[in-house]
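Report on the structure given below.
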């Protein structure tokens, strides 16, 4: 019955957006088992490391200091995983906000004709359960990993700074 009454296009409904994000490639990584998720992040780090190493090798100083070359290259190659994590967090946070909202903001024609539709009680209850029990743990996990990676970058940068000065 709600499908006939609901004016929100199907692809803009929060539950459908949630299902869509669960099926996307990079954004769905946090849904994997933790060991597979971490494997993908480490792979993204290892994938970019040779590129970072090649760029860093262009420095005359770093060519002659292998330890500094390795530390700087490995630290700068952490920027790809941190960008992936931030992108994932932003997508999941967007879905979290949409699921928690009492109203659905949507566009009918795509010409920025924003409309607002109040969710029925049963939709709201279902959306809140999904937001709190499925999306919120993902956000917490991503926030923790982002903090760890940023801390690693910060510690590495402090270490590099102290070595040079």
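The values are calculated or read from the model by the stated rules, or taken from the named source; none is laboratory data. On a predicted model such as this, the values are computed, not experimentally measured, just so you know. Cβ: placed from backbone, ideal geometry, glycine included. Neighbour counts: every protein chain shown.
Before moving on, here are some points about what is shown:
- The residues of segment 122-163 that are within 23 Å of residue 68 (Cβ to Cβ), more than 28 Å from the chain's Cα centre (by Cα) and in contact (Cβ under 8 Å) with a residue 24 or more places away in the chain amount to a single one, 163.
- Within the option set 89, 29, 25, 45, being surrounded by 18 or more Cβ atoms within 10 Å (Cβ to Cβ) and over 18 Å from residue 136 (Cα atoms) holds for one residue only, 45.
- One residue from 56, 77 being at pLDDT below 95 and touching a helix residue (DSSP H, G or I) at 6+ places or on another chain (Cβ under 6 Å): 56
- Filter pass, residue 82 being part of a helix (DSSP H, G or I) and touching a helix residue (DSSP H, G or I) at 6+ places or on another chain (Cβ under 8 Å): yes
- Residue within segment 102-111 that is in a helix (DSSP H, G or I) and in contact with a helix residue (DSSP H, G or I) (Cβ under 8 Å, 6 or more places away or on another chain) present: no
- Some residue of segment 104-121 being surrounded by fewer than 19 Cβ atoms within 10 Å (Cβ to Cβ), closer than 15 Å to residue 49 by Cβ and in contact (Cβ under 8 Å) with a residue 12 or more places away in the chain: no
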